[in-house]
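Reviewing the structure listed below.
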Amino acid sequence: MLRNPHSYNNNIRDSMNYPFKLFTFSISVILFVITACEKKEYQTIEELDQENILAYIQENSLNVEPFEETGMYYQVLEEGTGKELDYTDKVPLVYTFKTLEGSYNAVDTFNVSNRYYDYLGYFPYGSSQADASGTLLDREEGMKMIIKKVLKKAHGKIRVIVPSRMAFGRNGNKLIPSNASLDYVIHAIDTDSLASYEDESIEQYIQSNGLQLSDFQKTATGVYYEIIDAGSGTPITDTTSFKVNYSIKTLNGNSVTTVDSAAIELRSANTIDGWKEVLPKLKANGKVRMLIPSSEAYGLGGVIDDNNIVRIPPFSALDYDLQIVEVTEPST
């Protein structure tokens, strides 16, 4: 029986078109694979942040929870036993922070970049950035929100994981790479017990530097001092003028400054209270080492120069080596 000519011709056409169909199918598969790869490669910043943060949480077995729908995660490490913190108050904080991938790790709480004394709601950038358009403080999200709702009391300590888009973003900065999410640990210091905090810090500094606590005397205001040489001749009084050589370090050993032949008068308003307490115990050519809490030095705010550069960190105790090099007799 003869085949249907029409069916026969269709079969011929189908067999001739088969390579083309196979080619078309192959192209479709390749395009699908490429498209799938492109979707994975070009994640949104929200997806990238979430992927990095969840991996970090799992790798470090962190007990954190999401903060609302922000993409941030937090853990209350210590509830705090001090006074209630007000979002609009200036609060002394010490904190550490690091990038999740480990390229930057700031753990030195005596360093300039790890101490904060400003309005709580402007942490960690400070109120000087609050009115600058386009800054991270220009919007009501990120660290401002979580600090306000989670850090409740002085002595409290919290951990906060901040997505890169709420930190330094795709541009990063000189220290933080692009698209780096950050892990913060923030400790609120109670101003009412700051003296105890600094006293403990000074004692730990003495011990960690191989010094003997018994070699130091302590004033009623918390100044630790060791008279290396009492000197001789003209004593230091409120009315004498004298010159000193001195150096200053913070309690992490970082040098702040070294000064030679500085003219000093104890009655001057520019002379810190710690010097006024200790230097009258010396005479010409006397030498002393002083560990002075911030309350007797530069206070809660530290020292910021005219270029807005922090020279002495907030609420920093300081290590002074000082020598009297010249004393002028008071005029009669």
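Nothing in this text is a laboratory measurement; each read-out follows from the coordinates by a stated rule. All figures in this text were calculated on a predicted structure; none of them were measured in a lab. Note that we place each Cβ from the backbone using ideal geometry, even for glycine, and neighbour counts take in every protein chain shown.
When the range 194-328 is described by a simple charge dipole with +1 on each Lys and Arg Cβ and -1 on each Asp and Glu Cβ, the residue from ALA297, ALA262, GLN207 located farthest towards its positive end is ALA262.
Within the range 220-251, what residues put their amide N at less than 17 Å from the label point 7 Å along the Cα-to-Cβ vector of ASN285? Under 17 Å, as judged by backbone N against the label point of ASN285, lie 228-236, 243-245 of the range 220-251.
Partners of LYS287 within straight-line reach, counting lysines whose Cα lies under 21 Å from its Cα and excluding those fewer than 8 residues away in the same chain: LYS218, LYS243, LYS249, LYS276. Amide H to amide H, with H built 1.01 Å from N, TYR73 comes under 5 Å of PHE67, ILE161, counting only residues 5 or more places away or on other chains.
A cut-off under 15 angstrom between Cβ atoms defines the neighbours of SER61, and their net charge, with Lys, Arg +1 and Asp, Glu -1, is -2. Footprinting exposure proxy ranking of HIS187, HIS155, fewest other C-beta atoms within 10 angstrom first, gives HIS155, HIS187.
Quick one: ARG311, ARG267, fewest Cβ neighbours within 10 Å first, how do they rank?
On the way: ARG311 14, ARG267 11.
Neighbour counts put them in this order, fewest first: ARG267, ARG311.
Each of GLU277, GLU101 has some number of other Cβ atoms within 10 Å of its Cβ, and from fewest to most they run GLU101, GLU277.
3J(HN,Hα) along the range 249-266: 10, 7, 6, 9, x, 6, 6, 8, 6, 10, 10, 10, 6, 7, 7, 10, 10, 4 Hz, from the Karplus curve 6.51 cos²θ - 1.76 cosθ + 1.60 with θ = phi - 60°, whole Hz, x for Gly and Pro.
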